[in-house]
Amino acid sequence: MNSTFIARIERILSLYRKTYSRKFPVVCFDERPCFLIGEHVSGLELRVGQPSREHYAYEKKGSCNLLMTIEPLTGKRIADVFDQRRKREFALHLKKVIKEFPQAEKIIVILDNLNTHNASSFYETLFADEAFDLSEKFEFVYTPKGILAKYNRNRTLSPLQALLKQRNPKQRTVRTRSDVNYQRLRKETNQNRLAVFKRKS
């Protein structure tokens, strides 16, 4: 532990304590690989009183990269699936994030310090004017190495852990299942917020 570690922790904890703001939303971002795995032998389907079963044999079909941004205070999640993990994919994902926050003056992003996670990704992918405008819309706050970085990853990607453990033979399958999980989780989030509102009233 050193002064850099303490400074980053203090900054992030202060952000987690902030109340919701449409002009300055706080989001968490993370990404991870997802291996594409197909069935070598068909499994047994779900039946009454019996769970579905998979054969131990499987077929490797490559991999893809899942990017996820979540706004903890609202449950809003934005997901993308790409072939690779490069600066281009990071920039395109954040362009998508911008559209989800039309009233935001600046979006505060909590993320880890990978070599692609900075404003240079915009300039490597987009024209200079657009890259500058995009960089002005974001403030990157980097997690320190250790437990807080792990916490941020769990907070961002844990809703899709079940998806990542499934056998997904194609990128389209990953994208479809992530959309389904997102809709289900957003419904649960709205139900929880409604329950809190009713208790307060």
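Some notes on this structure:
- Taking the numbered list (1) in a loop (DSSP other than H, G, I, E, B); (2) crowded, with 17+ Cβ neighbours inside 10 Å in turn, Gln103 passes all entries but (2).
- Residue within the range 1-21 that is closer than 24 Å to Phe140 by Cβ, loosely packed, with under 12 Cβ neighbours inside 10 Å, of a type outside the set (A, V, I, L, M) and modelled with pLDDT under 85 present: yes
- If you go through the range 131-140 and keep only what is under 14 Å from Val97 (Cα atoms) and in contact with a helix residue (DSSP H, G or I) (Cβ under 8 Å, 6 or more places away or on another chain), you end up with Leu134, Ser135, Lys137, Phe138.
- Summed over the range 91-130, the residues that are in contact with a helix residue (DSSP H, G or I) (Cβ under 8 Å, 6 or more places away or on another chain), free of Cβ contacts under 8 Å to residues at least 24 places away in the same chain and aliphatic (A, V, I, L, M) give a count of 1.
- Taking residues in the range 1-28 that are closer than 23 Å to Glu105 by Cβ, and partners anywhere that are assigned to a loop (DSSP other than H, G, I, E, B) and among the acidic types (Asp, Glu), the pairs with Cβ atoms closer than 8 Å and at least 6 places apart or on different chains are Lys23/Glu105; Phe24/Glu105.
- Given (1) at pLDDT 55 or above; (2) part of a helix (DSSP H, G or I); (3) surrounded by 15 or more Cβ atoms within 10 Å (Cβ to Cβ); (4) of a type in the set (Phe, Trp, Tyr), number of the condition Phe132 does not satisfy: (3)
- Any hit, the range 53-74, residues being in a strand (DSSP E or B), aromatic (Phe, Trp, Tyr) and modelled with pLDDT of 85 or more: no
The values are calculated or read from the model by the stated rules, or taken from the named source; none is laboratory data. In this text the structure is predicted, and so the values were computed from the model without any measurement. Glycine also receives a Cβ, built like all others from the backbone with ideal geometry; neighbour counts cover every protein chain displayed.
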